[in-house]
Amino acid sequence: AVLRPGARQTVLSVSLVVGLTGGIGSGKSAVAKAFATLGIDATDTDALAHALTAPGEPGHAAVLAAFGPECRHPDGTLDRDRLRRLVFGDAAARARLEAILHPLIRAAARREVAAWTSPYGLLVVPLLQQRGGLSAVDRVLVVDCPEDEQVRRVVARSGLPAADVRAIMATQLSRADRLARADDILDNAGPPAAILPQVAEFDRQYRMLAETAAKNRGAAAQ
């Protein structure tokens with residue numbers, strides 16, 4: 001495999017950054033956990049977003065200032081369901097939320113990535129292929145499953161109506177576009193047990209790529 005021209009230039013503790021992405025309900029978290037069992041570090045931008053909008057964190061106050069106190073639960077936490085309905089139904093509101101959170105997420109992600117110790121690492125970004133994040137990664141691994149299965153999984157785990165799930169999906173790249181822009185594809189249409197063998201093979205490939213990239217970087221530094 002060959003890394004894309006113009007890929008990430010920042011010198012980090014690892015030689016290979018893999019962008020892990022996929023549509024809602026595709027199974028990105030399960031795949032990241034499978035890589036973790038093999039000792040691979042991962043930074044999940046959704047997890048960072050939740051942490052940065054907890055009470056007392058900078059994103060919490062900024063979101064409430066932008067969207068009003070009605071987006072807060074009595075215990076002080078954000079009403080994420082209300083926010084989701086607001087931003088997925090209003091492109092301007094979504095852009096306003098992203099303008100608040102994305103700089104905070106990028107800064108936190110940089111700190112985490114700089115602390116990675118595995119041979120390569122995963123940057124888990126749901127909208128990686130449509131938010132200008134490709135320059136931060138060397139390869140893009142898409143977790144894929146049929147759209148009806150995406151809907152089924154999200155409804156089962158969150159209780160959202162299927163129509164709401166499809167509205168969220170409509171704001172994301174189509175399945176065909178994600179696959180066309182992928183370097184690697186993990187098929188997650190089947191049972192959870194089917195994930196680990198695929199991850200093991202990708203891990204083997206990525207370790208080899210990371211080793212080659214490290215040698216090339218060392219040669220270039222001489």
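Worth a mention:
- Summary of packing: across the peptides 36-49, 111-124, 68-81, 177-190, the per-residue average of other C-beta atoms within 10 Å ranks them, highest first, as 111-124, 36-49, 177-190, 68-81.
- In order along region 208-216, the Karplus-derived 3J(HN,Hα) couplings, from 6.51 cos²θ - 1.76 cosθ + 1.60 at θ = phi - 60°, round to 5, 4, 5, 5, 5, 4, 5, 5, 5 Hz, and Gly and Pro are given as x.
- Over region 36-162, volume per residue of the alpha carbon convex hull, in Å³: 150
- The H on the amide N of D44, modeled in the peptide plane, is under 5 Å from the matching H of V124, each at least 5 residues off or on a different chain.
- Proximity of backbone amide H atoms, modeled 1.01 Å from N, is registered between G19 and L123, D138, R139, V140, L141 at under 5 Å, excluding neighbours fewer than 5 places apart on the same chain.
- Distant-in-sequence amide H partners of I185 (H built 1.01 Å from N, under 5 Å): V142
- Heavy-atom accessible area per residue - the chain, 1.4 Å, Å²: 51
- Angstrom value of the Kirkwood radius, inverse mean 1/r, which spans all Cα pairs in region 73-129: 13.8
- P(r) weight above 13 Å for region 160-206, C-alpha pairs, percent: 68
- Antiparallel DSSP beta bridges within the chain, percent to nearest 5: 5
- Sequentially through region 29-35, phi angles give Karplus couplings (6.51, -1.76, 1.60; θ = phi - 60°) of 5, 5, 5, 4, 5, 5, 5 Hz, Gly and Pro residues having no value and appearing as x.
- Taking every alpha-carbon pair under 8 Å whose residues sit at least 6 apart, the chain reaches a relative contact order of 36 percent.
- FRET efficiency for A221 and A194, using Cβ-Cβ distance with R0 set to 41 Å, rounded to 0.05: 0.50
- 3J(HN,Hα) from dihedral phi, region 188-200, Karplus parametrisation 6.51/-1.76/1.60, rounded to Hz, x for glycine, proline: 10, 7, x, x, x, 5, 7, 6, 4, x, 5, 4, 4
- Alpha carbon convex hull of region 143-222, projected area averaged over orientations, nm²: 7.3
- Cα-based helix-to-principal-axis angle, 147-158 vs the chain, degrees rounded to 10: 60
- Where the Cα pairs of the chain fall when distances are cut into 10 Å bins, in %: 7, 31, 35, 21, 6, 1
The values are calculated or read from the model by the stated rules, or taken from the named source; none is laboratory data. Remember, it's a predicted structure, so these values are computed and weren't measured experimentally. So basically every Cβ, Gly included, is an ideal-geometry build from the backbone, and we count neighbours across all protein chains shown. Quick note on the areas: whole protein, heavy atoms, side chains included, nothing else; ligands and nucleic acids left out. Shrake-Rupley method; radii C 1.70, N 1.55, O 1.52, S 1.80 Å.
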